[in-house]
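These notes concern the structure reproduced below.
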Amino acid sequence: MASTSAALLEFFLLGLATPLTAACVIPLYPGFLAYLTSVGGDDDGGRSTPVALLGVLVVAGVLAFMAVVGLLWTAVFGGGVTDAVERLSPLAFAVLAVVGLVLVVSPGGFSRLPTIEPPHSRYPTASAFAYGFFFGAIVIPCNPGLVALFVSRSTVAFPAFDAGWEVLLGFLAFGLGIGAPLLAFALLDQASSRRITRTLARHSGAINRAVGVVLLAVSAYYLVFVFQVVPGTAGLEPPLEYPPV
């Protein structure tokens with residue numbers, strides 16, 4: 001259970017960093033929160049809807065999206081999660097190395113990928129939940145680096161989990177981290193949220209380059225020391241336990 005708790009904490013921190021280091025996601029924060037504030041009194045026949053509640057609904061939407069992804073994962077692999085390590089782990093960390101290299105060479109390269117516009121309705125509560133649900137689809141193309149790191153680490157961590165429901169918890173922990181900044185911005189005033197997002201946007205290139213270096217280091221460690229993928233050989237040894245980064 002200790003290794004499971006450590007993995008869940010790691011997934012939460014990866015999720016927390018994912019939207020905060022995505023250059024094309026950061027500008028969505030103040031605009032959407034301004035929208036929620038402006039229509040907060042028109043929900044359900046004019047009853048006032050606190051912005052904090054809308055922030056909670058956004059997080060609930062993110063968790064719903066990640067629950068769907070987690071259920072799809074368990075449906076695909078069923079009980080053979082350990083087999084997924086042998087099939088996916090080396091490939092996942094190879095992709096992670098490529099993504100890290102792209103971020104080092106061109107920190108804003110992934111920001112040019114198309115994104116999905118979150119839906120809105122005349123009901124702020126529905127808009128908040130729908131925005132959170134689609135936020136995962138927005139973050140994934142904007143920040144494939146940390147998403148790839150989560151997937152790569154998942155293939156290592158999940159076999160060490162004691163039950164199938166813990167795999168779903170892993171996806172929920174990642175989703176909770178993704179949604180946490182949205183809730184935080186909902187609780188902050190407009191001036192503070194704009195100040196934070198401007199700072200993140202100003203340093204997005206340096207942040208992404210640093211993330212790329214970390215991804216290269218993590219992928220190199222796993223490919224060379226854990227999976228022992230040596231050029232000229234086909235030797236792959238999946239780890240027997242959840243190793244530290």
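Phi-derived couplings, Karplus 6.51 cos²θ - 1.76 cosθ + 1.60 at θ = phi - 60°, listed residue by residue for segment 49-61: 10, x, 4, 4, 5, 4, x, 5, 5, 4, 4, 4, x Hz, with x used for Gly and Pro. Relative protection proxy for 93-102, 170-179, 55-64, 208-217, from highest mean packing down: 170-179, 55-64, 93-102, 208-217 (other beta-carbon atoms within 10 angstrom).
Bear in mind these aren't lab numbers, they're just calculated from the coordinates by the rules spelled out. On a predicted model such as this, the values are computed, not experimentally measured, just so you know. When we count neighbours, we look across all protein chains shown, and the Cβ atoms used for this are built from the backbone with ideal geometry, even at glycine.
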